[in-house]
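Below is one structure, written out as structure tokens; the observations come after it.
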Amino acid sequence: MPSTHNFDNSEQLAQALASAVATNLREGIDARDAALLAVSGGRTPVHFFHALSQQKLDWRKVVVTLVDERWVAPTQDRSNEHLVRNHLLRDEAAQAQFVSLFEPAATTPEEALTALATRIVMLDLPFDALVLGMGDDGHTASFFPGGDNLAQATNPLTHALVAAIRAPGAGEPRVTLTLPVIVGSRNLYLHIEGAQKRRILFDATNADANDDKLPISLVLRNARAPVQVYWCP
Ligand code: 6PG
């Protein structure tokens, strides 16, 4: 079962989540002189990114990457890289290293998978902290219901590190970290806001074993440690 932390508003949640993630990063730096962080895109994380960017730690030793990416150039507003570069990699966190999940030489995410897997395998996994979001359809990362490669991307036994996914609700073609990479994180967070997402999460915690209608349930069921849910109205 997930561990839930409720807050009165987005700003309070952002400060608490930024503090928890910063602690994980400091622990990684103390233990291995390096720390790994993966974050999700979308609208929800902006306050969190701003709060995390203010945290004082040795950001030069932190590698930041994405949980998933829309297949658009990093100059586009829809790009998660664009979001992270504008809202997280600034102030204190400007000194962090960033590993992109976009490859301009590839016209499709499918063409880029080998190159992207090489980037991820070069990281000293597992992540110290990985922050997921969730859509109103129960998707997380790019595990969208009806996704063409959803089964492969969420197979707990896959050795693949990244997957390409095309799905009715995804907009652009996507590239995503696979389920084992996500649930193997030392600290796994789910940042959701609003009553509708809380209802979806409740349904997912009660979904039956093979319910890919709410892909977040696949993460909840396979996480190495309880998923830390951060929620506000
Ligand atoms: C993305 C994200 C995705 C996101 C959810 C929630 O690329 O869209 O990685 O998994 O976390 O779609 O997005 P919102 O925060 O915009 O609701």
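Would you list Glu110, Glu193, Glu11 from fewest to most Cβ contacts within 10 Å?
Glu11, Glu110, Glu193
Cβ-to-Cβ counts within 10 Å put Phe127, Phe49 in ascending order as Phe49, Phe127, the fewest first. Ranked by how many other Cβ atoms sit within 10 Å of their own Cβ, fewest first, the residues Phe102, Phe144 fall in the order Phe102, Phe144.
Here is how the number arises for the chain: DSSP H runs of 4 or more residues each give -39500 (n - 2.57), the sum is divided by the residue count, and the result at 222 nm is -10000 deg cm²/dmol.
Normalised size of region 8-73, defined as Cα radius of gyration per 2.2 N^0.38 Å with N residues, equals 1.18.
How would region 27-125 be classified by its alpha-carbon gyration tensor: rounded, prolate or oblate, with rounded meaning a/c under 1.5 and the a/b versus b/c comparison settling the rest? Oblate is the answer for region 27-125, as a/c is 1.5 or above yet b/c matches or exceeds a/b.
In summary, the aspartates and glutamates within cross-link reach of Lys61, defined as a Cα separation below 16 angstrom excluding same-chain residues under 8 places away, comprise Glu27, Asp30, Asp33, Asp91, Glu92, Asp124, Asp128.
Read-outs throughout are calculated quantities, based only on the coordinates presented, and are distinct from any laboratory measurement. These figures come from a predicted structure and were not determined experimentally. Every residue, glycine as well, gets a Cβ built from its backbone with ideal geometry; the counts of neighbours run over all protein chains shown.
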